[in-house]
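Below is the structure I would like to discuss, written out as structure tokens.
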Amino acid sequence: MKFGVLVSEGPYTHQAADSAYHFVTAALAAGHEVPRVFFYHDGVNVATRLSVPPQDERNIQKNWTALAKEHDVDLVVCIAAAQRRGMLDANEAERQGKDANNIAEGFRISGLGQLIEMGIQTDRLVTFGD
Amino acid sequence: MSEVKKFLYVNRKAPYGTIYALESLEVVLIGAAFEQDVRLAFVDDGVFQLTKGQSTDGIGVKNFSPTFRALGDYDVNKLYVERESLEERGLSEDDLQEITYEDEDDDWEEKPSIHIISRAEMADVMADADVVLSF
């Protein structure tokens, strides 16, 4: 089966990004496809490469980046939600005249159309949120 | 795009206090361009999103409630509001703003977009959807 996944709560504060990660890992291990994960609301904060959790804790961003690399999962961060919350890639930072960017490897910023497209193209859309 | 799916946007939160309602509406507006079969559900505190006479002057955030009246122009004209959620909050249909659309299949007659339905009927609306996005 082909799954689309939506993460709609922020990392560490909420379990959503962890549960989604475990779900995607299990789904792939069971032979299912997960072509894309979409990050919305505070879920966009998962994509910052500047978070520094204590060393004995899981690093949520690094987990996702490694998963995306290994299984070719498209990690998409909503641009509108990201801009509100100070999440910028290099292109956006330049366009908006900001002096830094923070999007981690494996994530890309794009529009909400990618969420709708995921809903159309997958068999199930699974939301991890509140 | 050949395949048309039934997209259901479930709105559960009050319009202000959290960003869910506003960012839900942003998905609806973008999603309208994909020519899917779109329905909106309003349950729990989500029914407050459709109340008329909203003013945000005192809280310094944008009042986005007029946008709901523009949904008809985007071919989004099936808004289901749960009666029990209204009643539990002391609200009735009279407290909601009037939202209409022009029916192109019926000589552009203006028709109401809001349908007040029971909790049991809401379950059917949810079961009927292909894609449920919950906000």
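The values are calculated or read from the model by the stated rules, or taken from the named source; none is laboratory data. Small disclaimer: the values here were computed from a predicted structure and weren't measured. Every residue, glycine as well, gets a Cβ built from its backbone with ideal geometry; the counts of neighbours run over all protein chains shown.
Considering only residues of the stretch B:31-41 that are of a type in the set (A, V, I, L, M) and outside any helix (DSSP H, G or I), which is surrounded by the most Cβ atoms within 10 Å (Cβ to Cβ)?
Here the residue is B:Leu40.
Quick check on the stretch B:64-74. Is at least one of its residues within 14 Å of chain A (Cβ to nearest Cβ), under 30 Å from A:Phe128 (Cβ atoms) and touching a residue at least 60 places away in the same chain (Cβ under 8 Å)?
No, because not a single residue in the stretch B:64-74 is within 14 Å of chain A (Cβ to nearest Cβ), under 30 Å from A:Phe128 (Cβ atoms) and touching a residue at least 60 places away in the same chain (Cβ under 8 Å).
If you take just the strands (runs of 3 or more DSSP E) that sit entirely in the stretch A:15-130, which of them hold at least 2 residues that are of a type outside the set (Gly, Ala, Ser) and over 18 Å from B:Phe135 (Cα atoms)?
Passing ranges, in order: A:33-39, A:74-78, A:107-110.
To continue, here is another question. Can you tell me which of B:Glu26, B:Glu3 is over 19 Å from B:Thr100 (Cα atoms) and either at pLDDT 95 or above or of a type in the set (S, T, N, Q) (or both)?
B:Glu26
Take the stretch B:22-51 and flag every residue that is at the interface with chain A (Cβ under 9 Å from one of its Cβ atoms), in contact (Cβ under 8 Å) with a residue 40 or more places away in the chain and among the acidic types (Asp, Glu).
Across the stretch B:22-51, the qualifying residue is only B:Glu23.
Same structure again: Among the residues of the stretch B:42-58, write down those that are among the small types (Gly, Ala, Ser) and outside any helix (DSSP H, G or I). Walk me through it before giving the result.
Initially, the stretch B:42-58 is screened for residues among the small types (Gly, Ala, Ser), giving B:46, B:53, B:55, B:58.
Hits for the stretch B:42-58 are B:Gly53, B:Ser55, B:Gly58.
Also, I was wondering about something else. Please enumerate the residues belonging to the stretch B:66-82 that are of a type in the set (A, V, I, L, M) and either touching a Lys or Arg at 6+ places or on another chain (Cβ under 9 Å) or farther than 15 Å from B:Ile116 by Cβ (or both).
Passing the criteria: B:Ala70, B:Leu71, B:Val76, B:Leu79.
Here are B:Val61, B:Val81, B:Val4, B:Val28: which of them is outside any helix (DSSP H, G or I) and within 29 Å of A:Ala82 (Cβ to Cβ)?
Only one candidate qualifies: B:Val61.
Being touching a residue at least 60 places away in the same chain (Cβ under 8 Å), in a strand (DSSP E or B) and either in contact with a Pro (Cβ under 7 Å, 6 or more places away or on another chain) or within 14 Å of another protein chain (Cβ to nearest Cβ) (or both) is the filter here; which residues of the stretch B:84-132 pass it?
Once the filter is applied, which keeps residues that are touching a residue at least 60 places away in the same chain (Cβ under 8 Å), in a strand (DSSP E or B) and either in contact with a Pro (Cβ under 7 Å, 6 or more places away or on another chain) or within 14 Å of another protein chain (Cβ to nearest Cβ) (or both), the stretch B:84-132 yields B:Val131, B:Val132.
Still on this structure: B:Ser134 - would you say it is surrounded by 17 or more Cβ atoms within 10 Å (Cβ to Cβ) and closer than 25 Å to A:Gly119 by Cα?
Working: surrounded by 17 or more Cβ atoms within 10 Å (Cβ to Cβ): yes; closer than 25 Å to A:Gly119 by Cα: yes.
So B:Ser134 fits the description; yes.
Are any residues in the stretch B:6-21 within 12 Å of another protein chain (Cβ to nearest Cβ) and either surrounded by fewer than 18 Cβ atoms within 10 Å (Cβ to Cβ) or free of Cβ contacts under 8 Å to residues at least 12 places away in the same chain (or both), and if so, which ones?
Matches in the stretch B:6-21: B:Lys6, B:Thr18, B:Ile19.
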